[in-house]
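These notes concern the structure reproduced below.
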């Protein structure tokens with residue numbers, strides 16, 4: 001007697017795995033690069049097992065859109081439980097690692113209205129002292145005393161939010177304009193080419209090469225493949241930014257590619273995802289991007305930058321090192337030379 005087999009699920013392709021460790025041995029020191037190499041063989045939707053955890057790897061704008069927008073709320077908006085993030089985030093009280101819940105939605109709303117609103121000045125205006133402005137800690141402490149709030153902020157809530165901000169390298173209180181600074185926050189909108197340079201930098205070198213993992217909460221389909229509950233989902237933002245099907249000469253730094261383009265990093269264009277997209281998009285996106293643009297604008301405005309004596313451009317190392325974020329393995333050393341603006345005046 002022959003027993004009929006149950007039709008197999010339509011699972012995404014993926015590399016063979018080892019007992020117990022699954023595909024962990026294939027991640028290497030720089031997982032975003034290793035995963036792109038694997039996706040070039042197995043496709044933009046790929047299933048691995050990291051230990052015993054089924055993990056979906058997404059490496060194209062089209063499939064990223066399905067995860068971050070199409071199936072965001074119904075399937076892909078939660079975070080997996082992990083002991084490391086739990087300890088780092090004061091028992092998952094923060095926005096980055098907390099599971100999708102009523103509490104998370106209220107916390108995000110509070111942060112967007114009170115901390116990261118576009119109506120709040122991100123940089124301290126010229127000539128004013130930081131003590132004249134509430135910093136983020138002051139705001140959070142004030143909210144903790146608000147008896148009309150839908151939930152009460154505790155010290156652990158405040159520490160968890162501050163942890164998110166510090167990891168995102170957003171310390172606004174340290175950016176005070178001195179009297180002689182010429183470029184203000186209001187000037188940034190006029191610096192079109194600078195914004196193109198920042199976009200190109202985010203494309204080639206996103207700090208979050210792999211977006212923080214999501215976890216599916218019910219069955220859905222991504223790229224035509226079945227994805228079941230409790231599957232971890234990783235979006236390879238680094239691979240998407242270097243996708244030759246999306247970008248011409250993807251490994252070349254060429255800011256002009258954004259000339260006349262509407263592609264931006266605010267979560268509407270899935271070709272460029274340095275801050276993520278959907279309900280889990282980084283709430284400090286505007287603040288973080290403004291700090292980067294402002295700092296770069298002033299460094300370029302006041303200084304000419306040269307290589308150290310005897311060093312050639314070809315000797316600059318672009319090696320990466322992984323940590324909480326991916327950064328240069330070797331620091332970049334440049335020599336600043338202050339501009340003498342008198343030399344650039346045109347007579348007559």
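Since every read-out is calculated from the coordinates, none of them should be taken as a lab result. Because the structure is a prediction, the values reported are computed rather than measured. In this analysis, Cβ positions are derived from the backbone assuming ideal geometry, glycine residues included, and neighbour counts consider all displayed protein chains.
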Nearest-0.05 FRET efficiency for residue 264 and residue 52, computed from C-beta distance (R0 30 Å): 0.20
Order of 32, 301 - criterion: other Cβ atoms within 10 Å of each residue's Cβ, fewest first: 301, 32
Extension gain, residue 37 back to residue 312 (0.36 nm per residue minus Cα-Cα distance, nm): 95.9 nm
Overall form of the range 289-333 per C-alpha gyration tensor (a/c, 1.5; a/b vs b/c): oblate
Residues 305, 238, 247, sorted so that the one with the fewest Cβ neighbours within 10 Å comes first: 305, 247, 238
Rounded FRET efficiency, nearest 0.05, which uses the C-beta distance separating residue 302 from residue 21 and R0 of 56 Å: 0.60
Fewest-first sequence of 292, 197 by Cβ atoms within 10 Å of each Cβ: 292, 197
Computed lengthening from residue 192 to residue 249, 0.36 nm per intervening residue step minus Cα-Cα distance: 18.3 nm
